[in-house]
Structures are given as structure tokens and as C-alpha cells.
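Peer 1: The structure that follows is given in the form of C-alpha cells.
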Amino acid sequence: MLRLAAKRLTGGTASLEAASPAAATSVARRFYHERVVDHYNNPRNVGSFDKDDTGIGTGLVGAPACGDVMKLQIKVDEETGKIVDARFKTFGCGSAIASSSLATEWVKGKQMEEVLSIKNSEIAKHLSLPPVKLHCSMLAEDAIKAAVKDYESRRASANGSGKAST
């Protein structure tokens, strides 16, 4: 059954690898919205910051069911509390990479309190994620929250208090 479907999609060849790049791209576009394809092909803010920098917060989250792992880091201006930069590294599907990329774009330039209001449903809606891929947007929301929490706890530790500020 799968072989028959693959042959139909690829114009008679046995696999997508054997098909022309144009055929493989058209197949990918059928399953993913153009925004997902754009963020996957041209991810924004890929990389990482020095984890020992006190102005950095790191959120590392994963979904054991599908194997997606997402690391999102924020760089915060300590005087204003504004996120001045963000980076991500994601191991996962195209939707997970796109969700991470979009999340870094949305958090830059915002106050930390403001980014905590970013919801997975907004990310999913913007990327037009199908229900089976909603866990990717949930990971992005969790990564943002984890990065903010990490930054606040690191800042509290650096200031000598045992309690993180909110």
C-alpha cells in the first residue's frame, strides 16, 4: 500500500529520493503550510549563547513520544528586562524547527512578562499546524517559559538571594 502511494506521488519511482527535487518539494508543500516550509528551509536565529553568561536564560524541553528536543535561549538586557536576542537548536521534525524559529522571532524585543503570554495555540495558528503536530507548538511555549524561569533563577543566584523574582 505504501509503495503504491509512493509511486503515485513520485511519478512511478520507488522512493522520494529517486524522484526529482521538484517532486519532493511539491510533496512537502502538500503536507506543510508555506510558513512551516519557510521557517524550515530558512530557520531564523539558529545557534546558542554562552550558557555561563548571567544575562542568558536557557530552556531545554523534549517530547519523549516523538523524540523532539528543543533548546531555546534568550539574552536579556539586565537593566530593562527586555529580551534583546534569542537562539535555538532543535532536533525534530519540520514543525518543531519552524515552531522554534518562530518563537525566537516573537520573543525578541519584548519584556519577559510579555513573552510569558505567548501561547502554543498562537504559534500553531500562525504556522497552520495540523492537530497531529500541535505538540511542536507546545514545546515552543514550554521552552520560552523554561528560558525565562532559568534566567530569573540565575539572576536571583547571582544577586545572592535564594528566591527568583517574577
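The values are calculated or read from the model by the stated rules, or taken from the named source; none is laboratory data. On a predicted model such as this, the values are computed, not experimentally measured, just so you know. Quick reminder, even Gly has a Cβ in these numbers, built from the backbone with ideal geometry, and neighbours come from all protein chains shown. These area figures cover heavy atoms from the full protein model, side chains too; ligands, DNA and RNA do not enter into them. Shrake-Rupley method; radii C 1.70, N 1.55, O 1.52, S 1.80 Å.
Peer 1: What are the residues in the stretch 78-105 that are charged (D, E, K, R), closer than 19 Å to residue 50 by Cβ and at pLDDT 95 or above, if any?
Peer 2: Of the residues in the stretch 78-105, the ones charged (D, E, K, R) are 78-79, 82, 85, 87, 89, 105.
Narrowing further to those that are closer than 19 Å to residue 50 by Cβ: 78, 85, 87, 89.
Matches in the stretch 78-105: 85, 87, 89.
Peer 1: I'd like the full set of residues that are among the β-branched types (Val, Ile, Thr) and at pLDDT below 90, limited to the stretch 41-76.
Peer 2: Within the stretch 41-76, 54 is the sole residue that qualifies.
Peer 1: How many residues are touching a strand residue (DSSP E or B) at 6+ places or on another chain (Cβ under 8 Å) and open to solvent by 10 Å² or more (accessible area, probe 1.4 Å) when one looks only at the stretch 88-104?
Peer 2: 6
Peer 1: Shifting gears a bit: Taking the condition modelled with pLDDT of 95 or more and farther than 19 Å from residue 138 by Cα, does residue 20 pass?
Peer 2: Details: modelled with pLDDT of 95 or more: no; farther than 19 Å from residue 138 by Cα: yes.
Here the answer is no, as residue 20 does not meet what is asked.
Peer 1: For the stretch 110-145, which positions are part of a helix (DSSP H, G or I), under 23 Å from residue 66 (Cβ atoms), open to solvent by less than 30 Å² (accessible area, probe 1.4 Å) and not hydroxyl-bearing (Ser, Thr, Tyr)? Don't jump to the end; show me each part of the working.
Peer 2: Narrowing the stretch 110-145 to residues part of a helix (DSSP H, G or I): 112-115, 120-127, 131-145.
Restricting the remaining residues to those that are under 23 Å from residue 66 (Cβ atoms) gives 120-127, 131-145.
Next, only the ones that are open to solvent by less than 30 Å² (accessible area, probe 1.4 Å) stay: 123-124, 127, 136-137, 139-141, 143-144.
The answer is 123, 124, 127, 136, 139, 140, 141, 143, 144.
Peer 1: For the stretch 47-86, name all the residues that are open to solvent by 60 Å² or more (accessible area, probe 1.4 Å), under 17 Å from residue 111 (Cβ atoms) and not in a strand (DSSP E or B).
Peer 2: Within the stretch 47-86, 78, 79, 80 meet the criteria.
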